[in-house]
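S.K.: There's a structure below that I have some questions on.
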Amino acid sequence: MTQTGERRAATPAAETTGGLAVRDLRKSYGPVPVLTGVDLTVPDGALTAVLGRSGCGKTTLLRLVAGFDRPDAGTISIGGVPVAGAGSVLPPEQRRIGYVTQEGSLFPHLTVAANVGFALPRRARLGPLVDELLELVGLDTRFARRFPHELSGGQQQRVALARTLATRPRLVLLDEPFSSLDADLRESTRQAVTQALAAAGTTTVLVTHDQAEALSLASSVALMRDGRIVQVAPPAQLYRHPVDRETAAFVGDVVALPGEANDGRAECALGTVRLHPGAPAGPGTVLVRPEQIILDGAAAGVPAEVLAVEYFGHDGLVRLGLAARHIGFRRSGRRCGSRFRVRRGSTRSAALPRIDRSSRRLVGFSRRGSPRWRRRAASRCALPRNPPTATRPPWRPGRLCRARSRRQGARRGRR
């Protein structure tokens with residue numbers, strides 16, 4: 001619970017010899033400002049998440065750090081070495097940065113082993129380093145001979161991370177690498193990626209708009225809004241002590257109640273509640289997290305009635321009618337019409353057949369980039385070959401052939 005009052009500025013950490021240091025970074029595209037003085041410090045070997053809504057400048061910040069764009073003002077240092085600022089910009093290939101995108105950007109015509117060892121010297125590709133990198137990201141070495149189209153989305157992202165770690169970068173940039181994955185696959189891929197980064201001891205910046213992803217993975221979260229870093233804090237501190245109401249509502253559900261504060265306490269629809277130290281006195285808005293509200297049938301608390309319940313499976317949206325107002329918050333399901341006391345407190349699964357791709361092999365790509373397949377011999381085929389069910393239709397000239405025939409006929413007529 002907190003009360004909106006004076007805004008506390010986000011104070012960056014002290015300068016470090018390693019890691020990433022961004023100071024007063026500014027970038028505009030024409031008359032539209034995108035970054036308006038960004039300050040960010042990532043300690044050496046730490047994972048910091050840049051959290052914000054779409055369009056707030058997260059990807060632009062990542063592109064400036066990677067060297068894909070030039071900043072209008074400000075400085076960027078990686079490992080204590082200035083890479084941008086004071087009129088000089090270090091090229092991207094000299095910054096020793098690993099960049100992982102949403103799609104992974106694997107080479108479709110190369111195997112997993114060739115993708116991982118693409119940036120390695122020729123001798124290193126033949127050694128055990130590729131297998132060690134695959135094991136580091138949680139992949140079995142039997143995937144080394146597969147092509148990217150034979151992998152799931154989570155496996156492709158792990159291969160992309162292994163390729164990034166192969167060159168031992170000083171900084172790894174993750175641009176929403178899990179947004180295109182399914183919910184169940186996203187969780188396992190997150191764990192494998194964070195464990196690999198922690199084992200390698202690499203400084204990492206994760207850009208995301210998923211609050212749960214940022215709070216669960218990062219050791220520090222930088223909340224970005226309108227081209228500026230609003231607050232930098234550990235996940236627990238960001239959730240429990242946000243700098244303002246907008247930050248509190250973005251990182252989690254809140255119940256906003258008007259109240260009157262005096263001497264560290266506030267009177268609101270939930271009764272008397274305690275405020276965080278330093279809360280200003282006078283009228284204001286009291287912000288309460290849903291898990292701080294307890295529905296109990298005991299005599300203690302404020303009487304309330306459940307007006308509506310929206311069921312979501314793991315929880316539900318409960319709307320309560322209090323004496324003075326109605327409030328809504330996510331909570332375990334309750335029946336409509338039930339009366340409670342409100343007080344503040346700290347099917348079977350189907351087995352699907354597995355598709356076996358070993359019955360065909362990749363022989364090349366067409367001019368448009370689509371893969372060309374060739375069926376393997378029957379003795380090596382894991383699945384039985386299906387007999388043809390229909391004969392090939394007779395050939396008919398297409399539009400280009402008909403147009404060419406008309407042009408040739410016109411020429412003959414002129415002759």
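S.K.: Using the beta-carbon distance between Leu307 and Arg125 and R0 = 60 Å, what value does 1/(1 + (r/R0)^6) give for FRET efficiency, to the nearest 0.05?
M.R.: In this case the efficiency is close to 0.40.
S.K.: While we're here: Apply the Karplus curve 6.51 cos²θ - 1.76 cosθ + 1.60, θ = phi - 60°, to the phi angles in region 64-77 and return the couplings in whole Hz, x for Gly and Pro.
M.R.: 5, 5, 6, x, 6, 10, 9, x, 6, 7, x, 10, 9, 10
S.K.: Continuing with this model, one more query. Hey, what do the phi angles of region 99-108 turn into as Karplus ³J(HN,Hα) couplings, whole Hz, using 6.51/-1.76/1.60 and θ = phi - 60°, x for Gly and Pro?
M.R.: 10, 10, 8, 5, 8, x, 6, 7, 6, x
S.K.: Once amide H atoms are built 1.01 Å from N in the peptide plane, which residues 5 or more positions from Val302, or in another chain, come under 5 Å H to H?
M.R.: Residues meeting the criterion, in which the H sits 1.01 Å from N, are Val342, Arg343.
S.K.: Excluding Gly117 itself, what net charge comes from residues whose Cβ is under 14 Å from its Cβ, given Lys and Arg +1 and Asp and Glu -1?
M.R.: Here the charged neighbours net out to +4.
S.K.: Then there is this: Using the Cα gyration tensor of region 93-187, with a ≥ b ≥ c the square roots of its eigenvalues, what is the shape: rounded (a/c below 1.5), prolate (a/b larger than b/c) or oblate (neither)?
M.R.: Oblate is the answer for region 93-187, as a/c is 1.5 or above yet b/c matches or exceeds a/b.
S.K.: For a protection proxy built on the mean count of beta-carbon atoms within 10 angstrom, sort 105-113, 140-148, 210-218, 47-55 highest first, please.
M.R.: Ranking the peptides 105-113, 140-148, 210-218, 47-55 by packing returns 47-55, 210-218, 105-113, 140-148.
S.K.: What residues qualify as long-range amide H neighbours of Glu176, i.e. H under 5 Å apart, gap of 5 or more or another chain, H built at 1.01 Å from N?
M.R.: Answer set, sorted by chain and number: Val207.
S.K.: Tell me which GluC sites (Glu not before Pro) from region 75-175 have a DSSP coil assignment and no more than 16 other beta carbons within 10 Å of their own.
M.R.: Those satisfying the criteria are Glu103.
S.K.: If you add up the charges near Ala222, with Lys and Arg at +1 and Asp and Glu at -1, over every other residue whose beta carbon is less than 10 angstrom from its beta carbon, what do you get?
M.R.: Overall, the nearby charge balance is 0.
S.K.: Also: Quick one: which residues, 5+ away or cross-chain, put their amide H under 5 Å from the amide H of Arg225? H built at 1.01 Å from N.
M.R.: Val230
S.K.: Let me ask something else about it. Take the alpha carbon gyration tensor of region 148-287, find the square roots of its eigenvalues, order them as a ≥ b ≥ c, and report rounded if a/c is under 1.5; if not, report prolate when a/b exceeds b/c, else oblate.
M.R.: prolate
S.K.: Note down the net charge around Ser105, summing +1 for each Lys or Arg and -1 for each Asp or Glu among other residues with Cβ under 12 Å from its Cβ.
M.R.: That sum, taken over residues with Cβ under 12 Å, equals -1.
No lab work stands behind these numbers, since they all come straight from the coordinates. Just so it is clear, the structure is predicted and the values come from calculations on it, not from any experiment. Positions of Cβ are backbone-derived with ideal geometry, glycine not excepted, and every protein chain shown enters the neighbour counts.
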